[in-house]
Amino acid sequence: MSKLKLTGKALRAISYPEGPVISIAMNVMQKHYKHEAKEDVMELLKKILEAPVEYENDAVLGLIAEKLIPKKELLEGESVSLNQNGIQFNVFGQEHIEEGAMHQMYQAAKLPVSVAGALMPDAHSGYGLPIGGVLATDNAVIPYGVGVDIGCRMCLSIFDINPKELTDKESYFARELGDATLFGSGAQFDRVADNEVMDNALFYELPLLKNLHGRAWKQLGSSGSGNHFAEFGIIEIAEKDEVLGVDAGKYVGFLTHSGSRALGANIANHYTKLAISKRRLPQEAKNLAWLSLDEEEGIEYWNAMNLAGEYASACHHVIHAKIAKQLAHKPIKMVENHHNFAWKEQWEGREVIVHRKGATPAAKDVLGIIPGSMTADGFIVKGKGESASVNSASHGAGRKMSRTRAIASVTDKQFKDELKKFGVKLLGGGLDESPFAYKDINVVMQSQKALVDIVGKFTPKIVKMDGAKHKIWGKKGREDVVGE
């Protein structure tokens, strides 16, 4: 196999800034990844550029990341001690949750700003707050309590089309799915879509967002990598629910999962760095640093976070509008919910900031979608408003295998046989996202039956995911593409 060769021109073409980082990146990749395919290396370099703070502790890739992290003059931050006894929090499905996620939640419970919390049955380790972690705080927002993929969400369109067509006209639906979507960490459109979110005044008021506006527009309507997907499937409604408002029967469903792309990742990294500089927490809790909503940086983050959430929603609406036009059908119902976000809510008579990192809002009668895997059923749910979970539920089945372990332990044959067994046509995707990497969604749903009612079921049939190879991410997978 020929050795890897990179050029400064190639790195500048994917938006690497002029300066020492280009030569450092070339040297690092050509030394440590010299036998990898060039397209895989370029994909990894894009990921580092989008979220450098995720790689700063990597023994190899950290050399690149540190040159990409803005060298702001750090504020003389206050030293913060954790409370010896943290707040009490409820855990749902504890027997299925890894120790690392539990430890991270215990750390979060000891923050002096913490008020209430809960851990969902699909929980696993993340950065700062665990994925599946819910934390209510007093007038404080934690950028890594929200996560890197800000406003990541599910969006479902229900079409009054006979599901039999998904089998009879599989090639047609697969083609339309391919034409309407674009996947990949650095993916951008040549022709941009139009949406009012791109006219938001914040894009012109905050220097950080101003610099991201052009790229965000080119990524509007695209999807990320990892567990982000777009899929056609069969919707089953056993009986009409007054909130969902769809008659009992079977329908064609179009379901998408993705977030705020590079816009959200850059906002998260920028303000996490500021939060860490302002509040010096013990090393093990460093990524739980917060910003007060009484200070300028906190207000800026809050506004930028909300913009990223609106942008993520717009990305879904662009995709769904394309599909509706191509199918020549308007959806009879759309259901949408998001996670990786912070909300101002009332808790025991006071206003708090509720972080749901990889957790679905489940207040009384609030609709949401909880997916399984590319072969497992997902569910349309209605929240019960359970205070024990801080009005939250899981955001999916949750991983039981890391990406590295999944790639190492699942064979191509096992993967293909599983897809065939469930009659699923897969466009893109890989072993790291195989059904074997996920917990049993039915066990997860059983663990949270006190939190949500199931009002519909979604069975995947034609699934599209990022087709890029994910074998050189390093020791940790980035959480903006692993289900936050």
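Nothing in this text is a laboratory measurement; each read-out follows from the coordinates by a stated rule. Since we're looking at a predicted model, the values are computed, not measured. Quick reminder, even Gly has a Cβ in these numbers, built from the backbone with ideal geometry, and neighbours come from all protein chains shown.
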Aspartates and glutamates within cross-link reach of residue 439: Cα-Cα under 16 Å, excluding same-chain residues under 8 positions apart? 95, 98, 99, 122, 377, 418, 484
If I stretch the segment between residue 69 and residue 247 completely, what's the gain in nm (0.36 nm per residue apart, minus their alpha carbon distance), one decimal? 58.9 nm
Nearest 0.05, what FRET efficiency do residue 420 and residue 37 give at R0 = 22 Å with Cβ-Cβ as r? 0.20
Using a simple spin-label model with points 7 Å from Cα along the Cα→Cβ vector, what separation in nm is obtained for residue 283 and residue 211? 3.0
Quick one: of 47/218; 67/210; 164/330; 322/364; 169/457; 250/357, which pairs are farther than 28 Å apart, Cα to Cα? 322/364; 250/357
Hey, can you rank 111-123, 188-200 by average C-beta count inside 10 Å, highest first? 111-123, 188-200
Return the distance in nm (one decimal) between the two label points of a simple spin-label model at residue 88 and residue 172, each offset 7 Å from Cα along Cα→Cβ. 5.9
With a cut-off of at most 10 other beta carbons within 10 Å, and DSSP calling the residue loop, which GluC sites (Glu not before Pro) in the range 339-442 qualify? Please list them. 348
Which value, in debye to the nearest 20, describes the size of the charge dipole of the range 344-408 about its Cα centre when Lys and Arg Cβ atoms bear +1, Asp and Glu Cβ atoms bear -1, and nothing else is charged? 360
Please sort by residue number the chymotrypsin sites (Phe, Trp or Tyr not before Pro) in the range 81-124 whose DSSP state is loop and whose Cβ has at most 13 other Cβ atoms within 10 Å. none
Show me 300-308, 208-216 ranked by packing, highest mean number of other Cβ atoms within 10 Å first. 300-308, 208-216
What FRET efficiency, computed as 1/(1 + (r/R0)^6) with R0 = 45 Å and r the Cβ-Cβ distance, is obtained for residue 440 and residue 344, rounded to the nearest 0.05? 0.80
Run through the range 1-94 and list the trypsin sites (Lys or Arg not before Pro) located in a DSSP loop whose Cβ has at most 11 other Cβ atoms within 10 Å. 3, 5, 71, 72
Near-label residues of the range 237-277 by backbone N, under 16 Å of a point 7 Å along Cα→Cβ of residue 329: 237, 246-256
Subtracting the Cα-Cα distance of residue 99 and residue 413 from 0.36 nm times their residue separation yields 109.9 nm
